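A.B. asks: Below is the structure I would like to discuss, written out as structure tokens.
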Amino acid sequence: MSILEIALASQIWARRREKRQPDFDENDGLKILVRIAIVFAAFTLLIAGLNIAAGRPQMLAQSSAPVVAGR
């Protein structure tokens, strides 16, 4: 057998053995969004937990508001 025949036979055999992917469903998109939201929330909680464990909780403002002196 030539290399071309072997490659062609291999391609035919692979196509017979491959499984069809199911079509995209509406619920698949919702599942993906829910998983992304869960991963984002878990990552946020992980970072917050690490900041608290390090003794420096994350603040919205990095420095406190300036105090007006002399009043």
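The values are calculated or read from the model by the stated rules, or taken from the named source; none is laboratory data. Note that the structure is predicted; figures quoted are calculated from it, not measured. Heavy atoms of the whole protein, side chains included, go into the accessibility calculation; ligands, DNA and RNA do not. Shrake-Rupley method; radii C 1.70, N 1.55, O 1.52, S 1.80 Å.
Results for (1) of a type in the set (Lys, Arg); (2) not in a helix (DSSP H, G or I), shown as yes or no for each residue.
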site	(1), (2)
GLN11	no, no
ARG20	yes, yes
PHE24	no, yes
LEU30	no, no
VAL34	no, no
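A.B. asks: Here are the criteria: (1) open to solvent by 80 Å² or more (accessible area, probe 1.4 Å); (2) modelled with pLDDT of 75 or more; (3) assigned to a loop (DSSP other than H, G, I, E, B). Tell me which single one GLY55 does not satisfy.
C.D. replies: Going through (1) open to solvent by 80 Å² or more (accessible area, probe 1.4 Å); (2) modelled with pLDDT of 75 or more; (3) assigned to a loop (DSSP other than H, G, I, E, B) one by one, GLY55 breaks only (1).
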